[in-house]
1. Among the residues that make up the range B:44-64, is at least one of them crowded, with 19+ Cβ neighbours inside 10 Å, under 18 Å from the mean Cα position of the chain (by Cα), over 20 Å from B:L114 (Cα atoms) and not assigned by TED's automatic domain parsing to the domain that holds B:P199?
2. Is it the case, given these coordinates, that B:Q181 is without any contact (Cβ under 8 Å) to a residue 12 or more places away in the chain and surrounded by fewer than 21 Cβ atoms within 10 Å (Cβ to Cβ)?
3. B:G269: over 30 Å from B:A200 (Cα atoms) and either away from chain A (no Cβ under 14 Å) or in a loop (DSSP other than H, G, I, E, B) (or both), yes or no?
4. Is it the case that some residue within the range A:120-134 is under 11 Å from the mean Cα position of the chain (by Cα), farther than 19 Å from A:L65 by Cα and facing another protein chain (nearest Cβ under 9 Å)?
5. Looking at A:L32, is it closer than 25 Å to A:E146 by Cβ, in the same structural domain as A:N135 (by TED's automatic domain parsing) and not polar (S, T, N, Q)?
6. Of all strands (runs of 3 or more DSSP E) completely enclosed by the range A:49-88, which ones contain at least 1 residues that are over 21 Å from the mean Cα position of the chain (by Cα) and more than 14 Å from chain B (Cβ to nearest Cβ)?
7. For residues in the range B:227-251 being under 18 Å from A:F117 (Cβ atoms), charged (D, E, K, R) and out of contact with any Ser or Thr (no Cβ under 8 Å at 6 or more places or on another chain), which is nearest to the other protein chains (Cβ to nearest Cβ)?
8. Among the residues in the range A:14-27, are any more than 28 Å from B:P42 (Cβ to Cβ), under 13 Å from the mean Cα position of the chain (by Cα) and either crowded, with 16+ Cβ neighbours inside 10 Å or of a type in the set (S, T, N, Q) (or both)?
Amino acid sequence: MFSSTMIPPFSPVLLGGLAARGLSPKILQPALRHAMKTIFQRHPDLFERLSHMGAPVYLIDPIDLPLAFVLYADVHNPEIEAVRSAEGVNACATIRGPLLSLLRLLEGRIDGDALFFSRELVIEGDTEAVLALRNTVDGVEVDVMEEILTAFSANLPRPLSAPMSAPVRLVARLGQGLFARAADDLSILHTALTAPLQRRVDAQAAQLEALKGAPARTPSKPRAKANQRTLREGREGAQI
Amino acid sequence: MSALLELVCPAGTPASLHGAVENGADAVYLGFRDETNARNFPGLNFSRPELEDGLLFAHDRGCQVFLAVNTFPEAGNPGPWHKAIDDAAALGVDCVILADIGLLNYAATHHPDLRRHLSVQASASNPDSINFYVDAFGVKRVVLPRVLSIPEISDLNKQIAVETEVFVFGGLCVMAEGRCQLSSYATGQSPNINGVCSPASHVRYEEDAGNMVSKLGDFTINAFGEGEPAGYPTLCKGRFVTAGKASYLFEEPTSLNAASMLPELAKAGVTALKIEGRQRGRAYVSQVVAAFRRAADAVEAGEAVPELGLENITEGQAKTSGAFNKSWR
């Protein structure tokens, strides 16, 4: 969101984010507060590995959403806040990447170093704080979907929570499947739309490579003249 | 220990330990959360209670746990290193991995029943050196430095009466291990004493005209163009300008991958295969361990080593066979 150089992937997240651009991030706040509270209850040692750093603040910037998140990684009272702008946020570090990559990182389903090597993840600021957070989160074994579903079931009226648990999980799984299919379809669409341009770029790149390998051509006439001049100058020199 | 080739796998957190064990590790190696091990990174490693839980988890599933105490104690302050060895013995780890002769002597004297492996940080690469460690401190296994070809390992194994362990995957150091001063030169901290190479506290990433510039202390290490795969911000993997041309003077950002050489390593008499990467996440550990489990099982069954498909998670997204195949000779 706040990055000028990272290009977001063409995905359902990007389209959803564009559609929700007019909404205030504040409407997410109750859900975010509840999610953090639930995760902290299930993992009370969530940020214990960061205890030597005090209470670091991170800006998490999903590049395909029109908002970002501020994580207050306080060992005893962690909080997360959605913001529209980084102005006024005093973060020790910023972590940028596509939302799904950040979620996979949070769940430990993808390696942070691999994301960094592939340039899908960009970090700014205090590298030590970022590394500590990465290791902390990776060591906790958070399952985002499971946390949300558990929180949802727990908030239903008691007579409903147990019988509704299985249908809710089924709906969530169906939703995940639909999302994955939409992501694949958009990827195909993106490839189809950009294919002609890509072919032209590839052809130009091939031409450039061919030119690099070709021997440099110099006009023959000026060289002949230059040689004659050199010979003449040589003779004249010899005469002296 | 019944496998033909024992798979020794990294764990930086309890979650990684679970991933390694569940994906077929024969042994897991790890360290305490301090300078007593060579991966003293922020947020990484095990507290004593976490190690206790990890031991239960691993032993219940037939997997061993090795504790790395493989840095060199600070002069006049051996306390944390001695305590690490004492706690390892008390908690019941299967072996300690040591490099310093003082610590080897301490462990042999105070905990003679605690199995001792010689760390790669000791850089013991010839029969005289290895036999000294065996005779003086009773080490049972030597982790070989990443400087030997497979024929050299084969010759070496015929001249020593101790197990050998070799790195087969992951980050690659290009210098005499345990002696490198590059990180110390740039930051004042080294993997040998502080347990951390190119500490994150001294690393900065900056954007410059579309390039990602990595800096270590006062040194610019590299500038990666748009879309170019990146590497770790270590001096040995830096790109420097000499004679007007920027190039990798020591080593390119690349990972060791010796999967295709496992049959030759088995023939050379190697006992164990080590996967580097305690600093990597549990997704990496799980994926690499599962792949090498398939590879080691294939070797044991006399089959060809399958394609492992690990290219996308390696440093610089590139691989090398390192010194196993010294093509520069």
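1. So the first thing to find is which residues in the range B:44-64 are crowded, with 19+ Cβ neighbours inside 10 Å, and the list is B:44-46, B:51, B:54-55, B:58, B:63-64.
Add one more test, that the residue is under 18 Å from the mean Cα position of the chain (by Cα), and what stays is B:44-46, B:64.
Right, trim to over 20 Å from B:L114 (Cα atoms) and you get B:44-45.
Applying the additional criterion that residues be not assigned by TED's automatic domain parsing to the domain that holds B:P199 yields B:44-45.
Yes, there is a match, as at least one residue in the range B:44-64 is crowded, with 19+ Cβ neighbours inside 10 Å, under 18 Å from the mean Cα position of the chain (by Cα), over 20 Å from B:L114 (Cα atoms) and not assigned by TED's automatic domain parsing to the domain that holds B:P199.
2. Values: without any contact (Cβ under 8 Å) to a residue 12 or more places away in the chain: yes; surrounded by fewer than 21 Cβ atoms within 10 Å (Cβ to Cβ): yes.
Spelling it out, B:Q181 is indeed without any contact (Cβ under 8 Å) to a residue 12 or more places away in the chain and surrounded by fewer than 21 Cβ atoms within 10 Å (Cβ to Cβ).
3. On the way: over 30 Å from B:A200 (Cα atoms): yes; either away from chain A (no Cβ under 14 Å) or in a loop (DSSP other than H, G, I, E, B) (or both): yes.
Criteria met by B:G269.
4. Going through the range A:120-134, the residues under 11 Å from the mean Cα position of the chain (by Cα) turn out to be A:120-123.
Filter again for farther than 19 Å from A:L65 by Cα, leaving none.
No - not one qualifying residue is present in the range A:120-134.
5. Values: closer than 25 Å to A:E146 by Cβ: yes; in the same structural domain as A:N135 (by TED's automatic domain parsing): yes; not polar (S, T, N, Q): yes.
When the stated conditions are applied, A:L32 passes them.
6. Working: elements: A:57-62, A:68-72, A:79-83.
Qualifying strands (runs of 3 or more DSSP E): A:79-83.
7. B:E228
8. Pass one, the range A:14-27, residues more than 28 Å from B:P42 (Cβ to Cβ): A:14-27.
Still in the list and also under 13 Å from the mean Cα position of the chain (by Cα): A:14.
Imposing the further condition that a residue be either crowded, with 16+ Cβ neighbours inside 10 Å or of a type in the set (S, T, N, Q) (or both) reduces the set to A:14.
There is at least one residue in the range A:14-27 that is more than 28 Å from B:P42 (Cβ to Cβ), under 13 Å from the mean Cα position of the chain (by Cα) and either crowded, with 16+ Cβ neighbours inside 10 Å or of a type in the set (S, T, N, Q) (or both).
The values are calculated or read from the model by the stated rules, or taken from the named source; none is laboratory data. Here the structure is a predicted model, which is why all the values come from computation and not from measurement. Ideal geometry is used to build each Cβ from the backbone, glycine not excepted, and the neighbour counts take in all protein chains shown.
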